[in-house]
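The values are calculated or read from the model by the stated rules, or taken from the named source; none is laboratory data. Keep in mind that this is a model prediction, so the values were computed, not measured. Every residue, glycine as well, gets a Cβ built from its backbone with ideal geometry; the counts of neighbours run over all protein chains shown. All accessible areas refer to the heavy atoms of the entire protein, side chains included, with ligands and DNA or RNA removed. Shrake-Rupley method; radii C 1.70, N 1.55, O 1.52, S 1.80 Å.
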Amino acid sequence: MSFQTFQVQLLENADFLKPVAMALTKDPEAAKDLYQETLYKALKNKDKYLEGSNIRAWLYTIMRNLFINDYRRSAKYSSSLELTPNITNNTLADVNAENMIRTKEIKGTLYKLPLSFKKPLLLYCDGFKYHEIAEMLHEPMGTVKSRIHLARKLLCTTMSRH
């Protein structure tokens, strides 16, 4: 299927996603973001669409997965905030400064990793699942898992030396 044909089919069938996004997010701005992200991901993954299959179901699946992944990320973030004790403003400033320094150290070490380790780890940190990373990188899932594990190990050993 040509890109133009896919694009026309996508645009003809995309409007049904707007109310779905609103039902999922319950927020007009978040719904717009989810809708746009779904279309972006659909265009990006055009080669994974099987011509003749139900494009609406394919688009719905993309949207649902994006919503679920975003929900999991935000739930993980909010639960970590709930676990932190009440902190005064001065202590919070100290913690933020320390976290910023530590984040810079981690990023510096991370970007020194070989690309074969860095790429899967960054995708994993962005919330992608192992099978999604494997598809994106055209690697077996076992290889992806191994590289992420080794990248984490390299990060830990390098960071402990500092």
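Would you mention how many residues in region 7-35 are in a helix (DSSP H, G or I) and surrounded by fewer than 12 Cβ atoms within 10 Å (Cβ to Cβ)?
Looking only at region 7-35, we keep the residues that are in a helix (DSSP H, G or I), and these are 7-13, 17-25, 28-35.
Pick out the ones that are also surrounded by fewer than 12 Cβ atoms within 10 Å (Cβ to Cβ) and you get 8, 11-12, 19, 23, 28-29.
Within region 7-35, residues that are in a helix (DSSP H, G or I) and surrounded by fewer than 12 Cβ atoms within 10 Å (Cβ to Cβ) number 7.
Considering region 24-69 alone, what residues qualify as being under 20 Å from V8 (Cβ atoms) and of a type in the set (K, R)?
First, the residues of region 24-69 that are under 20 Å from V8 (Cβ atoms): 35-36, 38-60, 62-63.
K41, K44, K46, K48, R56, listed by residue number.
Among the candidates T88, T109, T103, which residue alone is at pLDDT below 80, open to solvent by less than 100 Å² (accessible area, probe 1.4 Å) and farther than 19 Å from M159 by Cβ?
Within the list T88, T109, T103, the selection yields T88.
Hey, could you check region 1-47 for residues that are among the basic types (K, R) and free of Cβ contacts under 8 Å to residues at least 24 places away in the same chain and say which is nearest to R64 (Cα to Cα)?
Start the filter on region 1-47 by keeping residues that are among the basic types (K, R), which leaves 18, 26, 32, 41, 44, 46.
When the remaining residues are screened for being free of Cβ contacts under 8 Å to residues at least 24 places away in the same chain, the result is 18, 26, 32, 44.
Working: K18: 12, K26: 14, K32: 14, K44: 17 Å.
This residue is K18.
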